[in-house]
Every structure is written in C-alpha cells, then in structure tokens.
Amino acid sequence: MDNHPEDAAEGEGPGNPTVSGPERAATEIEGLDAILHGGLPRQQAYLVRGDSGSGKTTLAMQFCLAGARQGERTLFLSTCESEAELRAIAHAHGWSLDGVTLHYHDVRECLGGHADQSVFHPAEVELPQTIDALLSVIEQVNPERLVIDSLSEIRLSAGDPRWFRRQVLALKDILAERQCTALFTTDARDPDQTVKSVVHGVVQLEQLAPEYGPDRRRLRVAKLRGQAYASGYHDFRIRTGGIEVYPRLVAAEHRGSFAPETISSGLPELDALAGGGLDRGTATLMLGPAGTGKSTIAAQFATAAARRGERAAMYVFDERIQTLLERTKGLGLGLQEQINAGQVEVQQVDPAELTPGEFSHVVRRAIAERGVRLVVIDSLAGYVHAMPDERLLTLHLHELLSYLSQQGVTVLLVMAQHGLPGTLRHAPFDLSYIADSVLLFHLFECAGEVRKAISLYKRRSGGHEPTLRPLQLGPDGISLGVPLQAVQGVLSGTPQLVVKNQAISDVNESKPTERHSDA
C-alpha cells in the first residue's frame, strides 16, 4: 500500500500493511482494513462522507458490529432513521445486532420550540439541547465505539457555522476523554466543511451512474492524520452481508522471485515458432481477426499447463462458457476434463457488472489462494468495456500485468482486430508495447479457400522463428504446418507463389479437412 505523502507517519513505508503506531479499531471489512493498514486508530473521531445511497449507514453499522464481535461496548446513534428501519437494514444483510445499542434521536424535538423567546438566537438553544440529548445517551452507555448517523441532521439546528463548529469540537473532546472511537456520517452535498477539519480522518464514498449497467461505487481515504494508508480510489460493492472493498492494486508492493523457465504449449511446432515456448512470468498478446483461432490456442496453453500439474484460470468476457467447452471438445483438447479435475477454472465475466478493481481482486485471490500459474483474459475487447477510458485502461492493465509478472504468472491476452482478409485491420487500442510477446493470427485466401496462419511478431526475452506457419483446426485437433517460406503477401490476405512447386506443396500440407472449427 502506498502512503499519503503528507499524512504518513515517519518510518511507515509503502508495502508494509502492519505498521507500528496506535492500536487500531478494525472495521472487519477486509479490503477497507487493508487500505487503512489494520483499521482506524482508536480514541479518535472520523468522518464518512457521501451522497444518499452511497453506503454510509451500511459501513457505519459494520463498524459497530465489528466492535460488538470483539466484546466492545458499541452505540449507534441515528438522527435520520428509526430503530425499526435500522433493524430492517440489519435483517436484510443477515446481521444480528446483539451487543449493539441502538438509539434514535428525533432532531425535530429540539427544533421550533423556542419561538416565544427573543433573548437568544434559536441556534443558541436548539443546538446545545440536541448535543446534550446525545451526550446523555453516550453517558448512559459509555461506548468504546460510537456512530452518529448523521451530522447533517444536527447541522439543521445551527444557523451559524461557528456555533456548529464549537459544538462538534466540544463533542470530540468529550469523546476523547471517554477514550471512545467515533464515526460520524454526513452528506457529501453539505456545503459546510467544518467537520472535515475537526476530525482525525475522512473517508469519502462515491456512487457513480454509468450510461449503461448498475451503479458503481468507489471510496477514497481523503485524510488520516499521522498515519499510513493506501491513497487513491478503491472500488467497492454493497452485497447482501455488507460492503466489499477492492483495494487498488499496487504492483510494487508484491515483488517476488521465481525460477526462470520456458513453458510449453503442448504443440512442438508452436513452441518452435516461439523460440522454445513462452517465458514464465511474461504477458503474450494474441492478436488477430475473429475466427483465426486465438481463443483455441489460449485454451491449448491452459490445458497444457494443467497436464504439467499447474493451475490455470480463464476469464471469458465475450464468449459463453458452454460454447467454449463445446468447441474445445470438438478439437479434442480435453478442457472439460481439466476443469473437472480442478486444474483449470473458467469464469464468465460480465464487464457491465464487474469493475476493473473487482476484477483485479478476483485475479489476485486466484493467485494467492489457489496457486494459479497461467491466466487467460479473453478478450480485451470485453475488458475495455469495464473501463471505457483508454488511458486509464492502459495504466490499470499495466499494473495488473506487472503484479502477475512479479508472481511468476504467465498471462495470455486475447484481442480481436477489425476488418476482413485483404483489408486494413487495426485493434481498438494499442497494448502491444506493454506485452512481452505478440502472437499474430492471420487469414488469407488460397485456391478459393480461406486459410489461417500464425506468426510471432515480438519476443522480448530471446529469439524466435520469423516465419509464418499455417494453422489448422479440426476434429484431429490443432496442427501447425511447415513455415510458409515459399509464398509472400500472406499479411495482405492474398499470397503470391514465389517458388511454385514448393509453395503448392507447403500450402497443400495445411489444407483443412472438411470439418473444421473457427475460434
């Protein structure tokens, strides 16, 4: 985790989630505690800001429940939702509120009751009465953890911001004397920024509404005095059971070492094309038009890894898993058998539902918990829909690939080009410069038939075969022919014979059978 440059305490460097300092109150929201390096420092007051529906109350309730599970006295003071409404929220999440004291304070009871006096301004009477009512409950419970949800309702009692600031400061001092860790919530649209300067830390919640798909949520620790934390935006989701936070991936915090080696595809001709195979811990971009065999070759690498005893994970964005399994079965790859054996996991990814931060979290868990050593992302066209901004996509993908490389995980990235054989083809965005190898797939016309070919355009770690090889997909499996050295113009889609007899022989060797399968 990286540190905020202004608020990080001395000696607390990045990549060290277990830092020395004050005892921390864990929220037991795994991702949030990771961002906070263990939780919120105790005996301080914190603010959670966000628009209505962004998750403030849910986070605050989880904070209280975590304290109750740890045997602490906890108090949830609500000024906007009744006790019945709070219990309904808890019931919807399957939570038991045992150990949490709930109290609803109706701020309206202290408003408008002093119209018959003119000596004091109403704020001088109503706001102190509201604070005194809350302090009375706090004194009875004497909590170690306190939530006041929300200060926006109390703010209505104060006509002058100065009165509100004085009362909040007084409340903060009283809670500090009681050694209480407090969490306040407030509406992000509140123009008064008084509380932000008073509290020890601020967590900002945001709810974004894309043009298509469900709302997306993210949070940012805007302030945490004297403590290290992970800065920047972090995706989160509210599910049944509470908030799940997906910390932003920082590859520099996960440096590791592994033995360099070359991994085989299981196809000798393809390994020869790649100079012996792909290197462990590298990323290979598989680029070509639709129907050229990209997904099939990726599945071949996954099954070959499984046969070596390694675990592989395929994240399918565009194609249905059932279609993938049926096609690979027709080619005799045995992907279904490796899935049944637990060596290969295939997950359907809906880019409209899964944020990039959540996807990174899914991949990290596969590496850390299940020991996955090969990852297939099929395809980047689906991945980009989860993050339409190309600039941010490149940065996000670069960070993910750097992390996987440091873990010794080999990555295959499938990306389709636009266009037909013989026409200018281009990718929707350029990622070839961040890939260690680029495997190109081609379509070309020969003797009235559309044929496939494959070549390796780039390999950073060593030499490779500079030729094109014909690619055949059929019921007998995947096969690569001899290099197409006797023809030219394959990349344009209309090859020409250079040495007639040799070229005819080479092309005939790659002629597909009657039954073939396109990837």
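The values are calculated or read from the model by the stated rules, or taken from the named source; none is laboratory data. Note that the coordinates shown come from a computational prediction; the quantities given were computed from them, not determined experimentally. Using ideal geometry, Cβ is built from the backbone for each residue, glycine included, and neighbour counts are taken over all protein chains shown.
Let me confirm something: among A259, A305, A251, which residue is under 29 Å from P466 (Cβ atoms) and surrounded by fewer than 24 Cβ atoms within 10 Å (Cβ to Cβ)?
It is A259.
In the range 426-442, what residues are at pLDDT 80 or above and either hydrophobic (A, V, I, L, M, F, W, C) or assigned to a strand (DSSP E or B) (or both)?
Correct list: I434, A435, S437, V438, L439, L440, F441, H442.
Any residue that is assigned to a helix (DSSP H, G or I) and touching a Phe, Trp or Tyr at 6+ places or on another chain (Cβ under 7 Å) - is there at least one of those in the range 195-210?
There is at least one residue in the range 195-210 that is assigned to a helix (DSSP H, G or I) and touching a Phe, Trp or Tyr at 6+ places or on another chain (Cβ under 7 Å).
Do the conditions hold for A272, that is, is it within 23 Å of the chain's Cα centre (by Cα) and in the same structural domain as P483 (by TED's automatic domain parsing)?
When the stated conditions are applied, A272 does not pass them.
Just to check your reading of the model, which residue among P470, P512 is more than 39 Å from the chain's Cα centre (by Cα) and either modelled with pLDDT of 80 or more or under 24 Å from G330 (Cβ atoms) (or both)?
Exactly one residue qualifies, and that residue is P512.
When the range 185-195 is examined, which residues are found to be under 18 Å from D160 (Cβ atoms) and either among the hydrophobic types (A, V, I, L, M, F, W, C) or surrounded by fewer than 16 Cβ atoms within 10 Å (Cβ to Cβ) (or both)?
D190, P191, D192, Q193, V195
Among (1) farther than 26 Å from G232 by Cα; (2) at pLDDT below 95; (3) of a type in the set (V, I, T), which single condition is V384 missing?
Among (1) farther than 26 Å from G232 by Cα; (2) at pLDDT below 95; (3) of a type in the set (V, I, T), V384 violates only (1).
I'm checking my understanding of the structure. Among residues of the range 301-326 that are among the small types (G, A, S) and in a helix (DSSP H, G or I), which one is farthest from the chain's Cα centre (by Cα)?
By that ranking, first place goes to A304.
Conditions first: (1) of a type outside the set (D, E, K, R); (2) out of contact with any helix residue (DSSP H, G or I) (no Cβ under 7 Å at 6 or more places or on another chain); (3) surrounded by fewer than 21 Cβ atoms within 10 Å (Cβ to Cβ); (4) modelled with pLDDT of 95 or more. L270 passes all but one, so which condition is the exception?
Here L270 clears every test but (3).
Could you identify the single residue in T186, T262 that is out of contact with any Cys (no Cβ under 9 Å at 6 or more places or on another chain), among the polar types (S, T, N, Q) and not assigned by TED's automatic domain parsing to the domain that holds A90?
T262
Would you confirm whether or not the range 204-213 contains a residue that is crowded, with 20+ Cβ neighbours inside 10 Å, within 24 Å of P22 (Cα to Cα) and not hydroxyl-bearing (S, T, Y)?
No, every residue in the range 204-213 fails to be crowded, with 20+ Cβ neighbours inside 10 Å, within 24 Å of P22 (Cα to Cα) and not hydroxyl-bearing (S, T, Y).
Every residue in the range 401-417 that is assigned to a helix (DSSP H, G or I) and touching a Phe, Trp or Tyr at 6+ places or on another chain (Cβ under 9 Å), please.
The answer is Q406, and nothing else.
Of (1) hydroxyl-bearing (S, T, Y); (2) closer than 18 Å to D436 by Cβ; (3) modelled with pLDDT of 95 or more, S295 satisfies all except one. Which?
(2)
Quick check on this structure: which one of A90, A68 is in contact with a strand residue (DSSP E or B) (Cβ under 8 Å, 6 or more places away or on another chain) and in the same structural domain as P143 (by TED's automatic domain parsing)?
So the residue among A90, A68 that is in contact with a strand residue (DSSP E or B) (Cβ under 8 Å, 6 or more places away or on another chain) and in the same structural domain as P143 (by TED's automatic domain parsing) is A68.
Considering every residue within the range 269-284, establish whether at least one is more than 24 Å from A188 (Cα to Cα), without any contact (Cβ under 8 Å) to a residue 24 or more places away in the chain and either not small (G, A, S) or not in a loop (DSSP other than H, G, I, E, B) (or both).
yes
If we scan the range 145-167, do we find a residue that is touching a residue at least 40 places away in the same chain (Cβ under 8 Å), of a type in the set (S, T, Y) and in a helix (DSSP H, G or I)?
Yes; the residues of the range 145-167 include at least one that is touching a residue at least 40 places away in the same chain (Cβ under 8 Å), of a type in the set (S, T, Y) and in a helix (DSSP H, G or I).
For the range 43-72, how many residues are within 17 Å of E23 (Cβ to Cβ) and acidic (D, E)?
1
Take the range 427-461 and flag every residue that is small (G, A, S) and over 24 Å from L404 (Cα atoms).
A447, G448, A453, S455
Which of the residues belonging to the range 168-179 are part of a helix (DSSP H, G or I) and of a type outside the set (D, E, K, R)?
V168, L169, A170, L171, I174, L175, A176
Taking the options A182, A228, name whichever one is aliphatic (A, V, I, L, M), buried (at least 21 other Cβ atoms within 10 Å of the Cβ) and part of a loop (DSSP other than H, G, I, E, B).
Residue meeting the stated conditions: A228.
Those residues that are touching a residue at least 60 places away in the same chain (Cβ under 8 Å) and of a type in the set (A, V, I, L, M, F, W, C), I need them from the range 440-497; list them, please.
Listed by number, the residues that qualify are L440, F441, L443, C446, A447, I454, L456, L471, L473, I478, L480.
Evaluate the following for T296: is it in contact with a helix residue (DSSP H, G or I) (Cβ under 6 Å, 6 or more places away or on another chain), part of a helix (DSSP H, G or I), among the hydroxyl-bearing types (S, T, Y) and in the same structural domain as P466 (by TED's automatic domain parsing)?
Considered against the rule, which asks whether it is in contact with a helix residue (DSSP H, G or I) (Cβ under 6 Å, 6 or more places away or on another chain), part of a helix (DSSP H, G or I), among the hydroxyl-bearing types (S, T, Y) and in the same structural domain as P466 (by TED's automatic domain parsing), T296 comes out as no.
Would you call L75 over 31 Å from the mean Cα position of the chain (by Cα), over 30 Å from H254 (Cα atoms), crowded, with 23+ Cβ neighbours inside 10 Å and in contact (Cβ under 8 Å) with a residue 24 or more places away in the chain?
Against the criterion (over 31 Å from the mean Cα position of the chain (by Cα), over 30 Å from H254 (Cα atoms), crowded, with 23+ Cβ neighbours inside 10 Å and in contact (Cβ under 8 Å) with a residue 24 or more places away in the chain), L75 qualifies.
Of the residues in the range 90-128, how many are at pLDDT 70 or above and exposed (fewer than 15 other Cβ atoms within 10 Å of the Cβ)?
6
What is the number of the single condition among (1) more than 15 Å from A60 (Cα to Cα); (2) in contact (Cβ under 8 Å) with a residue 40 or more places away in the chain that Q193 does not meet?
(2)
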